[in-house]
Amino acid sequence: MAWYVAVGLLGALAALAPWGLGVKADSFASAPAGIKPEWYFLFMYQTLRMIPAKLWFATGEIAGILGFGAIAVLWTLLPFFDPQGRGRARHWILGIGACAVAYVGVMTLVGYVTK
């Protein structure tokens, strides 16, 4: 019974008087200089940095995000392109996949090297 009371008091203290963690972050401020994402998002970050700010139909960020979304949709639909795994479609899919893996590797390395 004492444990229930202790956990209840601790929960009440945490809810009613939370401990401050420091200066509040401004969610609309720009990111600090030199910050990079983790390695598994670094190729996307580097790609978005390389896209020009203004394109003929949208801003560069929107175009990059829509492009990555389209690639994700195609990746999801990939099993339906050639269900038996035979024929010319398989060779095209393997070639595009190899190019995609090489692109991710190169862009990750470029992201590590650049400041």
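Every number here is computed from the coordinates shown, using simple stated rules; none is lab data. None of these values were measured; they are calculated from a predicted model. Cβ: placed from backbone, ideal geometry, glycine included. Neighbour counts: every protein chain shown.
Brief remarks on what is shown
- With helices as the sole contributors, the chain gives -21000 deg cm²/dmol at 222 nm; each DSSP H run of n ≥ 4 counts as -39500 (n - 2.57), and the sum is divided by every residue.
- Applying a DSSP loop filter and a limit of 15 other Cβ atoms within 10 Å to the trypsin sites (Lys or Arg not before Pro) in the range 1-73 leaves Lys24.
- Here the range 1-53 and the range 101-115 have alpha carbon centers that stand 26 Å from each other.
- Qualifying chymotrypsin sites (Phe, Trp or Tyr not before Pro) in the range 1-77, DSSP loop, other Cβ atoms within 10 Å at most 15: Trp19, Phe28, Trp56, Phe57
- Semi-axes of the equivalent ellipsoid for the range 34-113, Cα gyration tensor, largest first, Å: 28, 17, 10
- Relative contact order (percent, whole number), the chain, Cα cutoff 8 Å, 6+ residue spacing: 32
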